1. What is the helix-to-structure angle for 319-328, meaning the angle in degrees between its Cα long axis and the longest Cα principal axis of the chain, kept from 0 to 90 and rounded to the nearest 10?
2. Just to confirm the number: angle between the C-alpha axis of helix 186-199 and the first principal axis of the chain, 0 to 90 degrees, nearest 10?
3. Per DSSP helix of 4 or more residues, -39500 (n - 2.57); summed, then divided by the residues of the chain. What does that give at 222 nm, rounded to the nearest 500?
4. In square angstrom, what is the accessible area per residue of the chain with a 1.4 angstrom probe?
5. If amide H atoms are built 1.01 Å from N in the plane of the peptide, which residues on other chains or at least 5 residues away come under 5 Å of the amide H of I311?
6. Work out the charge dipole of the chain with +1 on the Cβ of Lys and Arg and -1 on the Cβ of Asp and Glu about the Cα centre, then indicate which of L18, H248, L266 is farthest towards its positive end.
7. What are the ³J(HN,Hα) couplings of the stretch 309-316, residue after residue, when phi is run through the Karplus curve with 6.51, -1.76, 1.60 and θ = phi - 60°? Round to Hz, x for glycine and proline.
8. Return the FRET efficiency for the residue pair K142, M108: r is the Cβ-Cβ distance, R0 is 25 Å, and the value is rounded to the nearest 0.05.
Amino acid sequence: QDVSAITPGKIYVLEGTLSAGMEYPQLKLAIISHAKTGVSRTRAPKQKKGGHIKNLSDLNVGDYVVHVSHGIGIFEGIVKREIHGVVKDYIKIRYAGTDMLFVPVTQMDLVTKYIGGKEEGIVKLNKLNSAEWAKTRARVKKATEEMAQELIELYARRKQARGFAFPPDGEWQQDFEARFEYDETEDQLAATAEIKNDMEHTWPMDRLLCGDVGVGKTEVALRAAFKCVMGGKQCAILAPTTLLAWQHYNTILSRMEAFPVRVELLSRFRTAKQQKEALRSLQAGSADIVVGTHRLLSKDVRFHDLGLVIIDEEQRFGVAHKEKLKELSRQVDVLTLSATPIPRTLNMALSGIRDMSTLEEPPRNRQP
C-alpha cells in the first residue's frame, strides 16, 4: 500500500500479516494488527472424566488390602455365607498364618487398597487379634503430629518472610495471554490463577507445578515470567540442559516479540563475548529475562532486581546446585516445573511445605 495515498482522519482496513501493532505519534499514525484485536475463541465444553469406580471391580484376587481395624491382608475374592439364616456377600481377606477375615460388602468403606512400598515384592501381613497393627497406627499418629508441628513452624516462618508483592494484571498481561494461539485447558487456567495469587502476596512464593510432558507447563510459566517483568522485576529461568535452555529461549522470543521485553541466554551456545554482554545487561537491569543452564549459578552472574526464579526439572540438579539456588532465591518467588518430581520435593508439596499446582488435562487433540 502506498503510504502517500493515506488520507488523514480516515480508517483503512488492509490485508496482511503483522505480529503486533505500532504507533507513530509524530505522524499521528496508529497500526492495529489482527492479533491486537483479541479475537474471542469459543472454548469447547470440558469433557467429564470418568468417575472413580468405588465398587468391588477395583479389587483383584491377590491384591494387598488394608482393613482399618486389622491391618494388611490379601484379598481372596467374594464369598457367600449364611449367618443366622441370612445369606450375604462377604469380602474374604487372608492374614498371617491361617487367619481369615470376612467383611460384609456393606462395610466396604473399611477396606482400602494397599499403596505402601514393597521390599523385594513382599509385604508383611498382619496377624488378627494382635497388638502389632495398633502399635503401627500409634507410631504413625505420633509421627503425623510431629510433622504437623514442624509444618506449623515452617508456615509461620514462611508467612513472616517478606518478599515483593507484584501488582495485579494490567492490559499488557491480558494482551499477552490473549495472543496464545491455542485453547488453554481448565487446569492451565487454574494453575495460572494460583501462581498469580501467590506472586501478588508479600511472602515469597514456593510453588511446584507438576504435569506430564506436553500438558502446557511452559505456557503457565511464561505467563508468570511476563507478570514478573510487568512488575518491574527480572526473571531467571533455569534449565538442566543446553538444548532445553535453547528451546525455552526461542519460545520466549516468539511469545514476547510484540512486547518490549529483552531476553538473554546463558549457555555454551553463546560465545564468550555474548555471555559477557548478557552478564553486563543483567547487572545493569536492561535485561528482563535470562534463560540458562547451570551457568546461571556461577559467581559472576549478578542481577539488578531479581523477582522470580523458574526451575525446569529440578530433579536434574545436584545438591550443590540446589544450595546455590537457595542463596539466589531466599526472598524471591520460586516456581518449579516437573513431570517427575523427586520424592522429597513431592513429599514437601503434598504435606504443605510447598504449594503445588497440577496439570492433568491434556490439550485438545493432543497426539500421543
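The values are calculated or read from the model by the stated rules, or taken from the named source; none is laboratory data. Being a predicted model, the structure only gives us computed values, none of them experimental. Glycine also receives a Cβ, built like all others from the backbone with ideal geometry; neighbour counts cover every protein chain displayed. All accessible areas refer to the heavy atoms of the entire protein, side chains included, with ligands and DNA or RNA removed. Shrake-Rupley method; radii C 1.70, N 1.55, O 1.52, S 1.80 Å.
1. The two axes meet at around 50 degrees.
2. Roughly 70 degrees, rounded to the nearest 10.
3. Taken over the chain, the calculation gives -9500 deg cm²/dmol.
4. Ligands and nucleic acids excluded, the figure is 62 Å² per residue.
5. Here the answer is L238, L335, T336, L337, since their amide H atoms fall under 5 Å of that of I311.
6. Of the listed residues, the answer is L266.
7. Residue by residue, the stretch 309-316 yields 10, 10, 10, 9, 6, 4, 5, 8 Hz.
8. Computed FRET efficiency for K142 and M108 comes out at 0.30.
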